[in-house]
Each structure stands twice: as C-alpha cells, then as structure tokens.
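Take a look at the structure set out below.
The values are calculated or read from the model by the stated rules, or taken from the named source; none is laboratory data. Bear in mind that the values here come from a model prediction, so they are computed numbers and not experimental data. Reconstructed Cβ throughout: ideal geometry from the backbone, glycine too, with neighbour counts over all protein chains shown. SASA here: full protein model, heavy atoms, side chains in, ligands and nucleic acids out. Shrake-Rupley method; radii C 1.70, N 1.55, O 1.52, S 1.80 Å.
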Amino acid sequence: MNTFIRNSVLGIAGLAFAGGVAAGPMTDSTPTTVDTTPVAAVAMQADKPAVDKGKLVPHGVQGAQSRIDLSDEQVGNVKAIIAATKKAGMDERAAVVSIATALQESKLENLGHLGDRNDHDSQGLFQQRPSSGWGTVEQITDPEYSTMAFLKGLKQVDGWQDMPLTEAAQTVQVSAYPDHYAQWEQMAADLVAEHWNS
C-alpha cells in the first residue's frame, strides 16, 4: 500500500476515533455534570470539619423560602455575624437565627439612616434602634457589636434552641411582621454551612 494512502487512511481513522471519544456514545442522552471546583479548593474543604446540617435547621423550614444573590459586602457581613457568634460562645444554630434575622431586617446590608424611608431610628444589619436601648448609632452599625447585642437578647430567651426560628427571632426583635423571618431559614443555614469553618 502506498505510504501516502496508508497515512491518509490512518489519519482519517484517528479523527473518527477522536471524534467518537469527544462526542461520546450516540445512544446515551443522559446529561453529565462536571465538577468545576478547583482541586485546591476541594483539598482545602476536605481539611475542614463539616458542619452538622441537622443542627442548622432542626425543626425543618416553615413556609416558602426566599433567596437573594449576595454582594461581597453582604458575604463579609455573613462572616462577621459568624465570627461574632463564635466569640459569644454560641453554636451554628445561633448563627442561622442571626443571619436569617439580618436577611429579613436589612438583606445583610449595614444600613445607616435612610431618611424618610427609615423605620423610626432603626439602623445596621439588625435594624436596631438607639432609642430602644440597643446602643449608639456607631455601635449598632458595627456588625460585631450589633450581632453581639442580638445574641445577648437571644440568650435571654428561654428555650430558643427548641423554638421555630421565626419565634426565636421575633422574641428578640419584636417586629411588626413576626412571621417574615421564617422565609430566610434555608438560605441562612446554607450560608452557615458554607462559611462556619472558612
């Protein structure tokens, strides 16, 4: 066989084989998922103990759940709430209650005075009010201080660990819309699972 023809036949066969491997079997239409997590990230996650997800939502979520996309600033506030929760010696469930509360009150944005749109003198992540004794404006707009103030109130609620999230949050916050905290429980739990050990 002529060398040119032989090389051409082998080249075509090689292309056909490579095309078949790249395209995959024609009979299987099952979509495949590819893990795009960088290998270094997987190794780092493996070094960290997993959060007990049963502790995050022990009673199951209540009602329809809401979600929002978070900016870097909002994620920073999540991390600040988690750090303050650890500093207060409280567990992951306390962080879930805190984050869900801040999601409802401010969407995790450290809000200053909003002028006519302000709810009285409410400010910060938890919309705490200086006139209600939560602290000065400077204090309640400090994420660590405002979280510690919220957690101090939560600690004073007998049996908060066994309450539905919305009841525990409402007992501290005394909101005009007490049931609205429940919609953020799953997102708060997911954020705690992601950032508790980061």
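Numbers for the structure displayed
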read-out: Count - residues of region 63-93 that are of a type in the set (Asp, Glu) and under 13 Å from Leu103 (Cβ atoms); value: 1
read-out: Hey, Gln65 open to solvent by less than 40 Å² (accessible area, probe 1.4 Å) and not small (Gly, Ala, Ser) or not; value: no
read-out: Checking Val192 against (1) touching a residue at least 12 places away in the same chain (Cβ under 8 Å); (2) open to solvent by 70 Å² or more (accessible area, probe 1.4 Å); (3) assigned to a helix (DSSP H, G or I), the condition it does not meet; value: (2)
read-out: Near pairs, Cβ below 7 angstrom, 6+ apart or cross-chain, from region 129-143 (touching a residue at least 60 places away in the same chain (Cβ under 8 Å)) to any residue that is of a type in the set (Gly, Ala, Ser) and open to solvent by 40 Å² or more (accessible area, probe 1.4 Å); value: none
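Residue by residue, here is whether (1) surrounded by fewer than 19 Cβ atoms within 10 Å (Cβ to Cβ); (2) outside any helix (DSSP H, G or I) holds:
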residue	(1), (2)
Lys152	yes, no
Asp158	yes, yes
Ala168	no, no
Ala176	yes, yes
Glu185	no, no
